[in-house]
Amino acid sequence: MNTPTLLQKLRLTPALEARLAASYRVHRLTDEADPAAFLAAHGGEFDGLVTAASSGVDAALLAALPNLKVISSFGVGLDQIDLEATRARGIPVGYTPDVLNDCVADAAFALMLAAARGVAAADRYVRRGDWSGPPSAARFPLGRKVSGARLGILGLGRIGRTVARRAAGFDMEVRYHNRRAVPDVPWAHEPSLIELARWCDFLVVIAAGGAETRHLVDAQVLDALGPQGFIVNVARGSVIDEAALVSALVDKRIAGAGLDVFEHEPQVPAELMALDNVVMLPHVASGTVETRQAMGDRVADNLDAFFRDGRVISQA
Ligand code: NAP
Ligand code: 8YV
């Protein structure tokens, strides 16, 4: 078989780019001054497409690649990939589930602890010299206790279950909300998201993104969480109604938030910048050397398996 030709939609880690270049003919779309003109002239040459959860694949790009046989995506989220169009064409989509569970769950806890204990604000307080300043200056405010608190999880999937297991180390009682109860888990299923929010002290959002979950967390859910409740989002910005979240935070109708994802990344609502009870990350929950290496390995392994055996290892 001839060496397959891949279209790389965005820049990847250097290790993954090197590995792909060693086995395939790779063309980077980002090198093109006029990607549309390039695709019109050369779209028929590509056997495979490499993309990422954040970048996705839309119907127009698929249509520009008439001989495409496989897609390999860096990441687990599928909300930016037009799966209806790939299925209609019979194109398998490889992705990278499970290898990032640990780091995303770790990031959820980092955000939970940081929001409740004011870690980022306390760091700013020390750096400003307020701690060592005159004794008359306001002391740093008390935080909220995480250990022993009630944890609600929206989305008890692969990552949600990893978050739930970590909660045992913090003596937290866990309940979750999914459309379907998960069999054989020790945590209680709560069929109503509003009731889950009312019950818990910390609500971790880790449900899949996309049209079905858009604004699942709305003003009503936030009001049920209440002025003592914290929200953590490591899923997708779209799962929370961001305008409702901003107003709940500004009006102190919830206690605080830890956010890795936003509705219009990389734009972040200006109102959040001034709030010390909000901790923000630039969508890096899976961003460790080890996990990004494992994700990159799965991207390449999916392609290798497809071109060797006709099927990817992890198919969406
Ligand atoms: P997963 O195993 O597929 O779990 C998704 C969960 O969402 C399932 O428990 C599913 O349960 C629930 N869900 C889907 N639709 C729902 C709805 N309408 N109402 C309530 N629950 C719903 O996926 P995963 O591997 O854990 O990843 C979850 C998501 O995390 C990904 O899709 C991705 O967007 C996000 N993520 C973010 C980062 C980051 O860097 N921040 C990294 C990795 C992943 P039911 O089907 O029973 O409803
Ligand atoms: C990715 C993610 O790092 O896997 C996902 O769904 O959101 C992150 O792990 C990022 O989206 C890369 O595209």
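The values are calculated or read from the model by the stated rules, or taken from the named source; none is laboratory data. Predicted model, so just to flag it, every value in this text is computed and none were measured. Cβ coordinates were reconstructed from backbone atoms using ideal geometry, including for glycine residues, and neighbour counts include every protein chain displayed. What goes into the accessible areas is simple: the full protein's heavy atoms, side chains included, and nothing from ligands, DNA or RNA. Shrake-Rupley method; radii C 1.70, N 1.55, O 1.52, S 1.80 Å.
Magnitude of the Cβ-charge dipole of region 102-261, K/R +1 and D/E -1, about the Cα centre, nearest 20 debye?
Numbers: 20 positive and 17 negative charges, 64 e Å.
Computed charge dipole of region 102-261: roughly 300 debye.
Measuring how big region 175-316 is from its alpha-carbon positions, Rg and Dmax come out at 17.8, 57 Å.
Where does the charge balance sit around Ala40 when Lys and Arg score +1, Asp and Glu -1, over other residues with C-beta under 13 Å from its C-beta?
Result for the neighbourhood of Ala40: -3.
Centroid-to-centroid, using Cα positions, region 70-92 and region 20-46 are 18 Å apart.
Considering region 78-182 at the alpha-carbon level, its Rg and Dmax are found to be 20.3, 69 Å.
If you roll a 1.4 angstrom probe over the protein chains with everything in place, what fraction of the accessible area of the chain belongs to carbon and sulfur, to the nearest %?
Numbers: 7950 of 15170 Å².
Exposed carbon and sulfur together represent 52 percent of the surface.
In terms of accessible area, using a 1.4 Å probe and ignoring ligands and nucleic acids, Thr30, Thr51, Thr13 rank largest first as Thr30, Thr13, Thr51.
Each stretch of four or more DSSP H residues adds -39500 (n - 2.57); spread over every residue of the chain, this sum gives -10500 deg cm²/dmol at 222 nm. Taken about its Cα centre, the chain carries a charge dipole of about 620 debye when Lys and Arg each add +1 at the Cβ and Asp and Glu each add -1 at the Cβ.
The fraction of Cα-Cα pairs per 10 angstrom bin, counted from 0 for region 144-193, comes to 28, 56, 15, 1 percent, rounded to whole percents.
Note: region 56-102, Cα convex hull, 67 Å³ per residue. Principal-axis analysis of the Cα atoms of the chain puts helix 14-23 at an angle of about 20° to the longest axis.
Return the percentage of antiparallel bridges among DSSP beta bridges fully within region 173-316, rounded to the nearest 5 %. Approximately 5 percent, going by the DSSP bridge assignments.
If packing is taken as the mean number of other Cβ atoms within 10 Å per residue, what is the order of 230-236, 292-298, highest first?
Working: 230-236: 27.7, 292-298: 20.3.
Packing order, densest peptide first, comes out as 230-236, 292-298.
Remark: accessible surface ordering of Met112, Met280, Met273 (largest first) is Met273, Met280, Met112, probe radius 1.4 Å. Helix 101-117 axis versus longest C-alpha principal axis of the chain: approximately 30°, rounded to the nearest ten.
Peptide packing for 74-85, 55-66, 237-248, 100-111 was compared via the average number of neighbouring C-beta atoms within 10 Å per residue; ordered from the highest value, the list is 100-111, 237-248, 74-85, 55-66.
On the principal axes of its alpha-carbon atoms, the chain has extents of 73, 48, 32 Å, going from largest to smallest. Where both bridge residues fall in the chain, DSSP classifies roughly 5% of the beta bridges as antiparallel. Computed log10 I(q)/I(0) for region 125-232 at 0.17, 0.19, 0.20, 0.23 Å⁻¹: -0.78, -0.90, -0.97, -1.22, from the Debye equation with unit scatterers placed on every C-alpha and solvent omitted. Between the Cα long axis of helix 289-309 and the first principal axis of the chain there is an angle of about 30°, rounded to the nearest 10. Taken per residue, the accessible surface of region 135-240 reaches 49 Å², heavy atoms only and a 1.4 Å probe. When the Cα convex hull of region 29-129 is projected onto planes of every orientation, the mean area is 9.8 nm².
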